[in-house]
Amino acid sequence: MGRRILFITSDQQRYDTLGCNGGTLARTPTLDRLAAEGLRYERAIPQSVVCMPSRSTMLTGQYPSTHGVWMNGVALPDDAPSVADDLHAAGYRTGLIGKPHFEPFMDPFMRFAQNRLSRDGLNGTYRGFEHLEFATHGARGPLHYADWLLREHPEAAGWFYPVLDGALEVNAMGGGDTGAPQVWANQVPREWYHTDWVADRTISWLDSLDTDDDWFCWMSFPDPHHPWDPPASEVGRIDWRDVPLPAGYPTDAETRERILDAKPRHWGAWYRGEVVSNYEAPLDWVPATLTPDQIREVNALNAVEVELIDEAIARVLTAIEARGWSEDVDIIFTTDHGELQGDFGLLFKGPYHVDGLMRLPLIWRPAPSANIAPQVIERPVGLIDLVPTFTAIAGIDTPETAEGAVLPVKDTDPVAPCQERVLTEWDSVLFGVEVHLRTITRDGWVCTWVDGDHGELYHLADDPLQQHNRWDDPALASVRDDLLADLWDHQPAMVSPLPRVQAPV
Amino acid sequence: MPLGSVRYERVIAASADDVWALIGRPERLHDWFPGITACSVEGNRREITLQSGLSLPEEITVLDDRLRRFQYRIDSPFFPYHRGTIDVIALSDTSCAVMYATDCDPRTMALVIGAAAAAGLDRLTEIFPTPIFPTPE
């Protein structure tokens, strides 16, 4: 028997939503405890700030340029590496329960295995996972959760927020008390909501395993990604009227616009509704119309969803303890990318490489039997380091295809050459709007190259909200140029031929 | 809302006549287009059944053996506008270019239909002999 691995992900969750990271809105005692008992990373950075490329990095251990999922809507190739394959080959039982999103969801032709398997009611196998039960943000589509809900509780299917509108664009419809986009009063009972369903199915699968089995379970919650439609029974946990505005939200419109105008053009262009460069931001919504109360309500509902996740994790941990596995289970919690949640007067996500989207919660509670001391790790790490970490836990070699290294367990651990900087990519070509970014984080700086425009340069300690773009500061030209030189020395080349976009998401 | 518009093309190492013999028979769409399980034609009406179970009625608007052009539209309230066009153009006696274009409202469906069509063009390169040279994505 070896160390088991419970890999928990949420979707689109900010670093500062957890109590252990200084968050004050959501109560997250379970994750806070895991952080206190284990390793809490102060700066975990995704290699992409949208779902499909980032999730593919978590599975393959490769940059988007290498695995080929260069934007949402591009399918991960069937023959891409999968850490689940490696672990399964090493004797691990492997399960993926919750949101996958390695292939597009919008798939009327049912061309993708993720959707076909679900539609056919099959539970495996898929990319090395022998057991799968899939869910996403609502009750539509072919995934297992939607099928379960329609079968067991058909009346609830229409209670969720309609993520897409009649034109198949991301819905701009407002709801709640403030009319904020993607906010909704969902009458679904908590027990039928996808967060609890993911925990229930995880517990069920773990219960099906033999006590002596080694296992790798990826429990993947669809929340707190928009829509913000948690069960109405839970909304009263946090009164949005009591929610403070985020530090990253300049309340004065003139200040917001001045900050945005000092950034590359795509920032202000989106704010003013001139350009939408990410399908997942509603086309018919203009960020400049976002009100302080809407930000408060969004953040309150987001925090409710974070609390539900924390409580769901607690149930799963109780089940693991009941099986007698606790001493030998490594638990890793993170998310695929962040959410702007009012920073700069923006919501959702897009080609914006700042902390709201790039600073992620990451907790690794090593198996107690491994005797690894609790630490807070300050140095930057990437989600690209997860695959080598999983394989190290399992005691097998890092796959040759992996481009990261094992997560440090203390700041004084030797720095692997590939961990001297963390790189993040953005590429999108959608309906005539094209954006390409390359970002390097190292030595306390974050520096972003923007194709066809200037770029962004921030010192993370001096400017924690990234409100003062120093790209054009002559005094920092050599810093910027050194960072860019290092970026281009280490940025993997884009896979060729470029995989085609199959769907918007 | 602007239309979604996509176009894909492939060079195939077969004569235009040979390729048109397949593409120019709208009732055989499911032999090369992925994700379609059935297809029936009556006059200028075609009904396709997708692997998801969804059925789509279509109107065949052009079927021109001389031009080797097939054009159709999805005739469903869900699609305020749609036009799909397939052209087979002779490059030599033993090679041809196949071009698929679709213009669509909702625009998102242009991506989805176009990408499936591109996979269909890939399938054509398997049905007919190996391409004489690789073609870019």
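The values are calculated or read from the model by the stated rules, or taken from the named source; none is laboratory data. Since the structure is predicted, the reported quantities are computational estimates derived from the model, not experimental observations. Ideal geometry is used to build each Cβ from the backbone, glycine not excepted, and the neighbour counts take in all protein chains shown. Heads up: the accessible areas ignore ligands, DNA and RNA and are worked out on the full protein's heavy atoms, side chains in. Shrake-Rupley method; radii C 1.70, N 1.55, O 1.52, S 1.80 Å.
Matching residues to (1) basic (Lys, Arg); (2) within 22 Å of B:Arg68 (Cβ to Cβ); (3) without any contact (Cβ under 8 Å) to a residue 40 or more places away in the chain:
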| residue | (1), (2), (3) |
| --- | --- |
| B:Ala16 | no, yes, no |
| B:Ala21 | no, yes, yes |
| B:Leu29 | no, yes, yes |
| B:Trp32 | no, yes, no |
| B:Ile36 | no, yes, yes |
| B:Gly43 | no, yes, yes |
| B:Glu47 | no, no, yes |
| B:Gln51 | no, no, yes |
| B:Pro57 | no, no, yes |
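Out of everything in the range A:158-203 that is within 14 Å of chain B (Cβ to nearest Cβ) and of a type outside the set (Gly, Ala, Ser), what residue ends up being surrounded by the fewest Cβ atoms within 10 Å (Cβ to Cβ)? Spell out how you get there, then give the answer.
Let us first name the residues in the range A:158-203 that are within 14 Å of chain B (Cβ to nearest Cβ), namely A:163-172.
Cutting the leftovers down to of a type outside the set (Gly, Ala, Ser) gives us A:163-165, A:168-171.
Numbers: A:Val163: 21, A:Leu164: 17, A:Asp165: 15, A:Leu168: 19, A:Glu169: 19, A:Val170: 24, A:Asn171: 23.
Within the range A:158-203, the match that is surrounded by the fewest Cβ atoms within 10 Å (Cβ to Cβ) is A:Asp165.
When only residues in the range A:403-426 that are over 15 Å from A:His490 (Cβ atoms) and hydrophobic (A, V, I, L, M, F, W, C) count, which is most open to solvent (accessible area, probe 1.4 Å)?
Of all residues in the range A:403-426, those over 15 Å from A:His490 (Cβ atoms) come to A:406-414, A:426.
If we keep only those that are hydrophobic (A, V, I, L, M, F, W, C) too, we end up with A:406-407, A:409, A:426.
Details: A:Val406: 58, A:Leu407: 5, A:Val409: 36, A:Trp426: 11 Å².
It comes out as A:Val406.
Could you please find all residues in the range A:270-289 being open to solvent by less than 10 Å² (accessible area, probe 1.4 Å), aliphatic (A, V, I, L, M) and at pLDDT 95 or above?
none
Give me the pairs: first residue in the range A:10-22 and modelled with pLDDT of 95 or more, second residue assigned to a loop (DSSP other than H, G, I, E, B) and of a type in the set (Phe, Trp, Tyr), beta-carbon distance under 7 Å, and six or more apart or on different chains, which are they?
From the range A:10-22, the pairs are A:Ser10/A:Phe221; A:Asp11/A:Phe221.
Scan the range A:321-357 for residues that are open to solvent by 10 Å² or more (accessible area, probe 1.4 Å) and within 12 Å of the chain's Cα centre (by Cα) and report the count.
Adding up the residues that qualify gives 0.
Give me the residue from the range B:87-108 that is aliphatic (A, V, I, L, M) and buried (at least 23 other Cβ atoms within 10 Å of the Cβ) and, out of that set, farthest from B:Arg7 (Cα to Cα). Please lay out each step first, then the result.
Narrowing the range B:87-108 to residues aliphatic (A, V, I, L, M): B:88-91, B:97-99, B:101.
Filter once more, keeping what is buried (at least 23 other Cβ atoms within 10 Å of the Cβ): B:88, B:98.
Details: B:Val88: 13, B:Val98: 11 Å.
Only one residue tops the list, namely B:Val88.
Going residue by residue through the range A:456-475, is there one that turns out to be at pLDDT 95 or above and either closer than 27 Å to B:Ala118 by Cβ or part of a helix (DSSP H, G or I) (or both)? Outline the logic, then answer.
Residues of the range A:456-475 at pLDDT 95 or above: A:456-475.
From the residues that got through so far, the ones that are either closer than 27 Å to B:Ala118 by Cβ or part of a helix (DSSP H, G or I) (or both) too are A:474-475.
Within the range A:456-475, one or more residues are at pLDDT 95 or above and either closer than 27 Å to B:Ala118 by Cβ or part of a helix (DSSP H, G or I) (or both).
Taking the stated definitions as given, is A:Asp462 among the acidic types (Asp, Glu), out of contact with any helix residue (DSSP H, G or I) (no Cβ under 9 Å at 6 or more places or on another chain) and away from chain B (no Cβ under 14 Å)? Break it down into steps so the answer makes sense when it comes.
Details: among the acidic types (Asp, Glu): yes; out of contact with any helix residue (DSSP H, G or I) (no Cβ under 9 Å at 6 or more places or on another chain): yes; away from chain B (no Cβ under 14 Å): yes.
The answer is yes for A:Asp462.
Could you say which residue among B:Arg10, B:Arg25, B:Arg66 is among the basic types (Lys, Arg) and touching a Ser or Thr at 6+ places or on another chain (Cβ under 7 Å)? Show your work before the answer.
Numbers: B:Arg25 fails: touching a Ser or Thr at 6+ places or on another chain (Cβ under 7 Å); B:Arg66 fails: touching a Ser or Thr at 6+ places or on another chain (Cβ under 7 Å).
Testing whether each residue is among the basic types (Lys, Arg) and touching a Ser or Thr at 6+ places or on another chain (Cβ under 7 Å) leaves just B:Arg10.
Quick check, is A:Phe134 within 24 Å of A:Glu280 (Cβ to Cβ) and open to solvent by 10 Å² or more (accessible area, probe 1.4 Å)? Lay out the reasoning, then the answer.
On the way: within 24 Å of A:Glu280 (Cβ to Cβ): yes; open to solvent by 10 Å² or more (accessible area, probe 1.4 Å): no.
Against the criterion (within 24 Å of A:Glu280 (Cβ to Cβ) and open to solvent by 10 Å² or more (accessible area, probe 1.4 Å)), A:Phe134 does not qualify.
Kindly provide the set of residues from the range A:473-487 that are more than 11 Å from A:Arg421 (Cα to Cα) and either loosely packed, with under 11 Cβ neighbours inside 10 Å or touching a residue at least 24 places away in the same chain (Cβ under 8 Å) (or both), ordered by number.
Of the residues in the range A:473-487, the ones more than 11 Å from A:Arg421 (Cα to Cα) are A:473-482, A:484-485.
Within the range A:473-487, A:Pro474, A:Ala475, A:Ser478, A:Val479, A:Arg480, A:Leu484 meet the criteria.
Is at least one residue of the range A:492-499 within 14 Å of chain B (Cβ to nearest Cβ), under 19 Å from A:Ser54 (Cα atoms), under 25 Å from the mean Cα position of the chain (by Cα) and of a type in the set (Gly, Ala, Ser)?
No.
Considering only helices (runs of 4 or more DSSP H) fully contained in the range A:1-107, which possess at least 1 residues that are open to solvent by 10 Å² or more (accessible area, probe 1.4 Å) and polar (S, T, N, Q)? Reasoning before the result, please.
On the way: elements: A:29-37, A:51-60, A:64-67, A:83-89.
Per the criteria, A:29-37, A:64-67.
Please tell me if A:Trp148 is modelled with pLDDT of 95 or more and within 23 Å of A:Met219 (Cβ to Cβ).
Numbers: modelled with pLDDT of 95 or more: yes; within 23 Å of A:Met219 (Cβ to Cβ): yes.
Considered against the rule, which asks whether it is modelled with pLDDT of 95 or more and within 23 Å of A:Met219 (Cβ to Cβ), A:Trp148 comes out as yes.
Scanning the range B:12-41 for residues that are touching a strand residue (DSSP E or B) at 6+ places or on another chain (Cβ under 7 Å) and within 14 Å of chain A (Cβ to nearest Cβ), which turns out nearest to A:Phe109 (Cα to Cα)? Walk me through how you get there before you give the answer.
Looking only at the range B:12-41, we keep the residues that are touching a strand residue (DSSP E or B) at 6+ places or on another chain (Cβ under 7 Å), and these are B:12-16, B:19-20, B:23-24, B:26-27, B:29-30, B:35-40.
If we keep only those that are within 14 Å of chain A (Cβ to nearest Cβ) too, we end up with B:29-30, B:35-39.
Details: B:Leu29: 13, B:His30: 11, B:Gly35: 4, B:Ile36: 7, B:Thr37: 9, B:Ala38: 12, B:Cys39: 14 Å.
Among them, the one singled out is B:Gly35.
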